[in-house]
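Colleague: What follows is a single structure, and I will ask about it in a moment.
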Amino acid sequence: MAAMPMAGYGQPGTPMGAPPTMAPGGPAGGGGRGGRIWLWGLGGAILASAVWAGALLATGGFGGSDKPKADLAGYTYTDDLCDPTDTKTFEDAGYEVKGADSRNSSNPTHSSSQNPALDSMSCNIDFKPDSASSSDYSSVWLYTTASLHKKTDPAPEFEATYRAYESQKTSSYSYKVKAVGGLGDEAYVVTQTSRSSSSTGGYVILGVRDGWTTYQSTWSEYVSSSSGATAKTDDEAVDMLKKSAKATLAKMKE
């Protein structure tokens, strides 16, 4: 009588746990219908795994994360920032643009640059007080800059940029920084305080962040003590900068 295989073992000569010698459901040789079904099932599993892996990569499922998209708040690049810069506010306050009536005037001046990460624009305008005579010495200028941050959000460092002025003190002057409302997502004013009682001018900076767009305007004024003109107070300068910035930023969205 032939010996029977022991329970738990495969065919004689086949190690325990070894795979079957032919695909399930088909004869040896793999050329039958069962072999094709097995191959189709394997191909479907591979395809499903590839689709699943692709979906994970696309959605950051493997631990990656998509970089945030730049929020420029509707502002656009211009190669001449002086064009949208509001000067009417200063003209209404008693100033005029130097050389405005001259075709050969080099005032105002501007510069700009575009880059995949950052677009930068600037404008510098020289003014003179309406009440100043031709012999009076005065230096009044407005310097504005605008930046479109296309790769990095400026929000985390924006306030710190202006708060840093508070630590800049000398024997001649110091700075005060305060937050102001009504402009963009956040805005700060920096005023220079002179320790000299004979000061006849002012220096004020306004910084605005709206989304990933930043804007800054600087007012600098010096009027000689013998001049018939009077320099604006810091509060008056701040009001002018805020009003001008609001008008300028609105034009930059057009």
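Colleague: Looking only at region 167-185, which residues are on the phi < 0 side of the Ramachandran plot and part of a loop (DSSP other than H, G, I, E, B)?
Modeller: So in region 167-185, the residues on the phi < 0 side of the Ramachandran plot come out as 167-181, 183, 185.
Those that are on the phi < 0 side of the Ramachandran plot and part of a loop (DSSP other than H, G, I, E, B): Q168, K169, T170, S171, S172, G181, L183, D185.
Colleague: Please find, within region 186-199, the residue that is modelled with the lowest pLDDT out of those that are surrounded by 11 or more Cβ atoms within 10 Å (Cβ to Cβ) and either polar (S, T, N, Q) or over 24 Å from the mean Cα position of the chain (by Cα) (or both).
Modeller: Just the residues of region 186-199 that are surrounded by 11 or more Cβ atoms within 10 Å (Cβ to Cβ), to begin with: 186-195, 199.
After this cut, where a residue has to be either polar (S, T, N, Q) or over 24 Å from the mean Cα position of the chain (by Cα) (or both) as well, the list is 191-195, 199.
Numbers: T191: 97, Q192: 95, T193: 89, S194: 84, R195: 75, S199: 59.
Out of the qualifying residues, it is S199.
Colleague: Being of a type in the set (D, E, K, R) and more than 22 Å from the chain's Cα centre (by Cα) is the requirement here; does E159 meet it? Don't jump to the end; show me each part of the working.
Modeller: Working: of a type in the set (D, E, K, R): yes; more than 22 Å from the chain's Cα centre (by Cα): no.
Judged against the criteria, E159 is not a match.
Colleague: Counting only residues that are surrounded by 14 or more Cβ atoms within 10 Å (Cβ to Cβ) and without any contact (Cβ under 8 Å) to a residue 24 or more places away in the chain, which one in region 174-185 is farthest from L72 (Cα to Cα)?
Modeller: S174
Colleague: With region 73-166 as the region, which strands (runs of 3 or more DSSP E) entirely inside it contain at least 1 residues that are within 17 Å of G184 (Cβ to Cβ)? Spell out how you get there, then give the answer.
Modeller: Numbers: elements: 95-97, 109-113, 118-129, 138-149.
Correct list: 118-129, 138-149.
Colleague: Another question, then. Counting only residues that are under 9 Å from the mean Cα position of the chain (by Cα), on the phi < 0 side of the Ramachandran plot and not β-branched (V, I, T), how many does region 207-227 have?
Modeller: Narrowing region 207-227 to residues under 9 Å from the mean Cα position of the chain (by Cα): 209-214.
Filter again for on the phi < 0 side of the Ramachandran plot, leaving 209-210, 212-214.
Narrowing further to those that are not β-branched (V, I, T): 209-210, 212.
Residues flagged as under 9 Å from the mean Cα position of the chain (by Cα), on the phi < 0 side of the Ramachandran plot and not β-branched (V, I, T) within region 207-227 amount to 3.
Colleague: Pairs, please: C-beta under 6 Å, at least 6 apart or cross-chain, first residue closer than 23 Å to A70 by Cβ and in region 112-135, second in a strand (DSSP E or B) and hydrophobic (A, V, I, L, M, F, W, C)?
Modeller: From residues that are closer than 23 Å to A70 by Cβ, the pairs are S112/M121; D119/L148; M121/A146.
Colleague: Can you name the residue in region 231-253 that is free of Cβ contacts under 8 Å to residues at least 40 places away in the same chain and assigned to a loop (DSSP other than H, G, I, E, B) and, of all such residues, is nearest to the chain's Cα centre (by Cα)?
Modeller: Among those residues, the one meeting the criterion is T233.
Colleague: Next question, about the same structure. If T214 meets every condition in (1) among the β-branched types (V, I, T); (2) crowded, with 17+ Cβ neighbours inside 10 Å; (3) out of contact with any strand residue (DSSP E or B) (no Cβ under 9 Å at 6 or more places or on another chain) apart from one, which number is that one?
Modeller: (3)
The values are calculated or read from the model by the stated rules, or taken from the named source; none is laboratory data. The model shown is predicted, which means the values in this text are computed figures rather than measured ones. Every residue, glycine among them, receives a Cβ derived from its backbone with ideal geometry; neighbour counts consider all protein chains shown.
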